[in-house]
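Report on the structure given below.
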Amino acid sequence: TVDTKLRTVRTACPYCGVGCGVLATPDGSGGAAISGDPSHPANLGRLCSKGSALGETLGLESRLLYPMIRCKGGMQRVAWSDALDHVATRLKHIVARDGEDAVAFYLSGQMLTEDYYVANKLMKGFLGSANVDTNSRLCMASSVAGHRRAFGADTVPGTYEDLDQADLLVFVGSNAAWCHPVLYQRMLANKQTRGAKFVVIDPRRTDTSSEADLFLGLKPGTDAALFSGLLVHLADSGALDGDYIARHTAGFDETLARARSLAGSTAATALATGLSEPDVAAFFKLFRDTPKVVTLYSQGVNQSAQGTDKVNAILNCHLATARIGKPGMGPFSLTGQPNAMGGREVGGLANQLAAHMGFTPPDIDRVRRFWKAPDIATHEGLKAVAMFEAIARGEIKALWVIGTNPAVSLPDADLVRSALKKLELLVVSENVRSNDTVDAGVHVLLPAQAWGEKSGTVTNSERRISRQRAFLAPAGEAMPDWWIVSQVGKRLGHTAAFDYMSAADVFREHAALSAFENDGSRDFDIGALATLSDDEYDSLAPVQWPAPAGKPPSPRFFADGAFFTNDRKARFVAPEVPALRDETTAARPLRLNTGRIRDQWHTMTRTGLSPRLGAHLPEPFVEVHPDDALKYGLMHDGFAKVITDHGQCILKVVVSERQQRGMLFAPIHWNESNASHGRVGALVASHTDPFSGQPEAKATPAAISPY
Ligand code: SF4
């Protein structure tokens, strides 16, 4: 239910992983005044351009208002009961005929935790397949895999307060000034008031690098070499914490030996990374001599075919110096999406089960008993890229997409679009009537409630769970995702398992599972929240996990040096995956890097509604170094055709010294509905990291010519 009185509601921003608190005051005619929530610990009242424009994106123009099914004459409006019956009947038929692995769900870091939990439970618990993955695979899967390898669990050790207290902030593959703006402002305040130093490591100059005390414009794919060189330097200059390494870690000697073979000296590191030796030496000295250092990493590290190795190369340096679990220091993964963390908590990834449990016999048995799900999946499912490859091969016949647009956002997006056309059943739960995925041949279209209408929880980059609260009446017949999935679960015969009356019911079960037979050996425990009343859930203030029942919350992990591996020791992991999969060639002499811009979000279905946001960078573009512009005959503000082995785009040319020679940068947001020539996902190779399954989106060999 939504309180329709015009009172201010505390909620959370639906865009990035900073997780800012928002105050929304409905205006009584479908809009709302938006401001930052001064009481929210993540933002203390601040909002960035995207967050402050949320009130401009609430219109109904593009909204999907009722369920639709494809009939002979096209998509026809149907009653909810008919749409849900149809989905359940078709899923049941396909599973009976082709087996449980012939169906798949593709979810989104935009979903609320409660929605994610129910979808994961239906697929893994009751359809019996783990083919449930998420667009978070494109966002932070390499960080998940790196954390699990080093810590034994997918745990972000630190908190935002560490960013206020650090004396050195190292940004690796992160343009936080654009992609995590409020958190960046917080770090800038640290720089201005406490004199913290910034080091920015990125092939491209960005707004983040403009504030850097030291900018390292390394060659793409060489982050692991840089941090291997740092580990060697720390060892050779007596900066290791030998006692900590001996008592709390394993695998150091092999990892150091491997690091020596990759980058055995400052000079060798400079050679491997394309940096100058003085710059490398300056970075090494800063890191060595500054105890309070936080290393922040984001998509430039994660979106890589060796992303997990890059993450572990960073973690190695923090473990070797015991700079973890203490105020003002530690490694810090900046998640891209508002609820990528919540999705990880419920097991929204195909290689996790639920509540950070995996596909080990004890975990499978525990979740089976908790869910009363005898047919629970017993092995990992297909990760995002592999899932769509299986669809293209005809092995997966039915796909349910919730809150995301894979025909634009996945690599090799043209192949994804043609794969979608092969499905016997494509169900899409969406806010909007049309997008590239819907238009690829949807069979059932289900109207989901949007931000401002739906209610539940999200978890931000510092593990803080916040409430998203409804302050608007739902558009048309739109329903919450948890309700839609539950209704299908009931129609499949699992009435008791999906008998939820509210998001609060789902949350309590999720919290209870996190604590179920958890003696402290699993990191994700929010047992203290499992007994919230409906009123307490409604008024829940932002809270960090872990929050175990009967124990005081601890904001930071690993303060005691105990990790989540069997022997409670952290692991050093030596990089082993080659730097870049594809070489450049005479026909593809450049490398295409893709990423976000300051004022747009994903495929622009929401931010594209705000003229103010659109004014920042209004059309798809490719950034080119002046020397490359000259070499390839490109004019600033002219148009260019960018070609890779996977597709081509027509983009406006921006000639800029920010770009490295030999590299191109193009933003990811444009798509068929707003600029058919600017769909850069179609250009990106689908190479994936062997540990995380995350695709390489930063270095596809490409050619460019005037258009
Ligand atoms: Fe929203 Fe992120 Fe901006 Fe905060 S920083 S207002 S969460 S987009």
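The values are calculated or read from the model by the stated rules, or taken from the named source; none is laboratory data. Not measured: the values here are computed from a predicted model. Counting neighbours? That spans all protein chains shown, and the Cβs are built from the backbone with ideal geometry, glycine included. Protein only, heavy atoms only, side chains kept; ligands, DNA and RNA dropped before computing areas. Shrake-Rupley method; radii C 1.70, N 1.55, O 1.52, S 1.80 Å.
Please verify whether the stretch 140-151 includes one or more residues that are surrounded by fewer than 22 Cβ atoms within 10 Å (Cβ to Cβ), out of contact with any Cys (no Cβ under 6 Å at 6 or more places or on another chain) and closer than 30 Å to THR594 by Cα.
We begin by selecting, within the stretch 140-151, every residue surrounded by fewer than 22 Cβ atoms within 10 Å (Cβ to Cβ); these are 149.
This time we only want the ones that are out of contact with any Cys (no Cβ under 6 Å at 6 or more places or on another chain), so: 149.
Retained after the next criterion (residues that are closer than 30 Å to THR594 by Cα): 149.
Yes, the stretch 140-151 has at least one match.
Within the set of pairs 6 or more residues apart or between chains, which connect a residue that is closer than 18 Å to ALA313 by Cα inside the stretch 240-254 to a residue that is part of a helix (DSSP H, G or I) and of a type in the set (Val, Ile, Thr) with Cβ atoms less than 6 Å apart?
These pairs meet every condition: PHE252/ILE245.
Is it the case that LEU60 is closer than 18 Å to THR8 by Cα, aliphatic (A, V, I, L, M) and open to solvent by 10 Å² or more (accessible area, probe 1.4 Å)? Give the derivation first.
Working: closer than 18 Å to THR8 by Cα: no; aliphatic (A, V, I, L, M): yes; open to solvent by 10 Å² or more (accessible area, probe 1.4 Å): yes.
Judged against the criteria, LEU60 is not a match.
How many of the residues making up the stretch 237-274 are polar (S, T, N, Q), farther than 19 Å from LEU286 by Cβ and surrounded by 20 or more Cβ atoms within 10 Å (Cβ to Cβ)? If you could, list the steps in order and put the result at the bottom.
In the first step, residues of the stretch 237-274 are kept if they are polar (S, T, N, Q); the result is 237, 249, 255, 261, 265-266, 269, 273.
With farther than 19 Å from LEU286 by Cβ added as a condition, the list becomes 249, 255, 261.
Checking which are surrounded by 20 or more Cβ atoms within 10 Å (Cβ to Cβ) leaves us with 249, 255.
Total meeting the criteria: 2.
Given ARG598, ARG591, which one is assigned to a loop (DSSP other than H, G, I, E, B), touching a residue at least 40 places away in the same chain (Cβ under 8 Å) and not aromatic (Phe, Trp, Tyr)?
Values: ARG591 fails: assigned to a loop (DSSP other than H, G, I, E, B).
Going through ARG598, ARG591 in turn, the sole match is ARG598.
Kindly provide the set of residues from the stretch 489-510 that are more than 17 Å from GLN468 (Cα to Cα) and open to solvent by less than 10 Å² (accessible area, probe 1.4 Å), ordered by number. Can you show your working first?
Quick first cut of the stretch 489-510, residues more than 17 Å from GLN468 (Cα to Cα) only: 489-501, 509.
Residues satisfying the conditions are GLY489, PHE498.
Exactly one of (1) farther than 19 Å from ARG149 by Cα; (2) surrounded by fewer than 18 Cβ atoms within 10 Å (Cβ to Cβ); (3) of a type outside the set (A, V, I, L, M) is unmet by PRO546. Its number?
All conditions are met except number (2).
Hand me the list of strands (runs of 3 or more DSSP E) wholly inside the stretch 606-707 holding 2 or more residues that are of a type in the set (Val, Ile, Thr), open to solvent by less than 20 Å² (accessible area, probe 1.4 Å) and at negative phi.
Numbers: elements: 621-624, 639-643, 648-655, 663-667, 700-706.
Hits in the stretch 606-707: 621-624, 700-706.
Is it fair to say SER304 is out of contact with any strand residue (DSSP E or B) (no Cβ under 8 Å at 6 or more places or on another chain) and modelled with pLDDT under 95?
On the way: out of contact with any strand residue (DSSP E or B) (no Cβ under 8 Å at 6 or more places or on another chain): yes; modelled with pLDDT under 95: yes.
The answer is yes for SER304.
Would you check if PRO338 is in contact (Cβ under 8 Å) with a residue 40 or more places away in the chain, within 16 Å of the ligand (Cβ to nearest atom) and either in contact with a Gly (Cβ under 6 Å, 6 or more places away or on another chain) or open to solvent by less than 10 Å² (accessible area, probe 1.4 Å) (or both)?
Working: in contact (Cβ under 8 Å) with a residue 40 or more places away in the chain: yes; within 16 Å of the ligand (Cβ to nearest atom): yes; either in contact with a Gly (Cβ under 6 Å, 6 or more places away or on another chain) or open to solvent by less than 10 Å² (accessible area, probe 1.4 Å) (or both): yes.
Here the answer is yes, as PRO338 does meet what is asked.
When the stretch 92-135 is examined, which residues are found to be open to solvent by 10 Å² or more (accessible area, probe 1.4 Å) and among the hydrophobic types (A, V, I, L, M, F, W, C)?
Those that are open to solvent by 10 Å² or more (accessible area, probe 1.4 Å) and among the hydrophobic types (A, V, I, L, M, F, W, C): VAL95, ALA96, PHE126, LEU127.
Take the residues of the stretch 328-348 that are in a loop (DSSP other than H, G, I, E, B) and touching a strand residue (DSSP E or B) at 6+ places or on another chain (Cβ under 6 Å): which is modelled with the highest pLDDT?
Residues of the stretch 328-348 that are in a loop (DSSP other than H, G, I, E, B), as a first pass: 328-329, 334-339, 347-348.
Next cut, touching a strand residue (DSSP E or B) at 6+ places or on another chain (Cβ under 6 Å) only: 329, 334, 338-339, 348.
Numbers: MET329: 97, LEU334: 93, PRO338: 84, ASN339: 87, GLY348: 89.
It comes out as MET329.
Of everything in the stretch 164-186, what is more than 12 Å from the ligand (Cβ to nearest atom) and either within 18 Å of LYS50 (Cβ to Cβ) or surrounded by fewer than 24 Cβ atoms within 10 Å (Cβ to Cβ) (or both)? Give them in sequence order. Walk me through how you get there before you give the answer.
First, the residues of the stretch 164-186 that are more than 12 Å from the ligand (Cβ to nearest atom): 164-175.
Within the stretch 164-186, ASP164, GLN165, ASP167, LEU168, SER174, ASN175 meet the criteria.
Just for the stretch 548-572: of the residues that are in contact with a helix residue (DSSP H, G or I) (Cβ under 6 Å, 6 or more places away or on another chain) and free of Cβ contacts under 8 Å to residues at least 40 places away in the same chain, which one is nearest to ALA250 (Cα to Cα)?
PRO548
In the stretch 592-616, which residue that is in contact with a Ser or Thr (Cβ under 9 Å, 6 or more places away or on another chain) and of a type in the set (A, V, I, L, M, F, W, C) is farthest from ASP202 (Cα to Cα)?
The selected residue is LEU609.
In the stretch 364-380, is there at least one residue being among the acidic types (Asp, Glu) and either open to solvent by less than 10 Å² (accessible area, probe 1.4 Å) or without any contact (Cβ under 8 Å) to a residue 12 or more places away in the chain (or both)? First the steps, then the outcome.
Looking only at the stretch 364-380, we keep the residues that are among the acidic types (Asp, Glu), and these are 365, 375, 380.
Then drop every residue that is not either open to solvent by less than 10 Å² (accessible area, probe 1.4 Å) or without any contact (Cβ under 8 Å) to a residue 12 or more places away in the chain (or both), which leaves 365.
Scanning the stretch 364-380 turns up at least one residue that is among the acidic types (Asp, Glu) and either open to solvent by less than 10 Å² (accessible area, probe 1.4 Å) or without any contact (Cβ under 8 Å) to a residue 12 or more places away in the chain (or both).
Within the stretch 77-91, can you find the residues that are part of a helix (DSSP H, G or I) and surrounded by fewer than 16 Cβ atoms within 10 Å (Cβ to Cβ)? Even if it seems obvious, please write down each step before you answer.
Applying the first criterion (part of a helix (DSSP H, G or I)) to the stretch 77-91 yields 80-91.
Answer for the stretch 77-91, where residues must be part of a helix (DSSP H, G or I) and surrounded by fewer than 16 Cβ atoms within 10 Å (Cβ to Cβ): SER81, ASP82, ASP85, THR89.
State all residues of the stretch 443-457 that are in contact with a helix residue (DSSP H, G or I) (Cβ under 6 Å, 6 or more places away or on another chain) and open to solvent by 10 Å² or more (accessible area, probe 1.4 Å); if no residue qualifies, say none.
Within the stretch 443-457, the first condition is being in contact with a helix residue (DSSP H, G or I) (Cβ under 6 Å, 6 or more places away or on another chain), and the residues that meet it are 444, 446, 448, 455-457.
Residue satisfying the conditions is SER455 alone.
Six or more apart or on different chains, Cβ atoms under 7 Å: show the pairs whose first residue is in the stretch 124-140 and assigned to a loop (DSSP other than H, G, I, E, B) and whose second is hydroxyl-bearing (Ser, Thr, Tyr).
CYS139/THR335; MET140/SER333; MET140/THR335
Does ALA189 satisfy the criteria of being within 16 Å of the ligand (Cβ to nearest atom) and open to solvent by 30 Å² or more (accessible area, probe 1.4 Å)? Can you show your working first?
Values: within 16 Å of the ligand (Cβ to nearest atom): yes; open to solvent by 30 Å² or more (accessible area, probe 1.4 Å): yes.
In short, yes.
In the stretch 566-575, what residues are open to solvent by less than 20 Å² (accessible area, probe 1.4 Å) and either assigned to a loop (DSSP other than H, G, I, E, B) or of a type in the set (Ser, Thr, Tyr) (or both)? Spell out how you get there, then give the answer.
Taking the stretch 566-575 first, the residues open to solvent by less than 20 Å² (accessible area, probe 1.4 Å) are 570, 572, 575.
Scanning the stretch 566-575 gives PHE572, PRO575.
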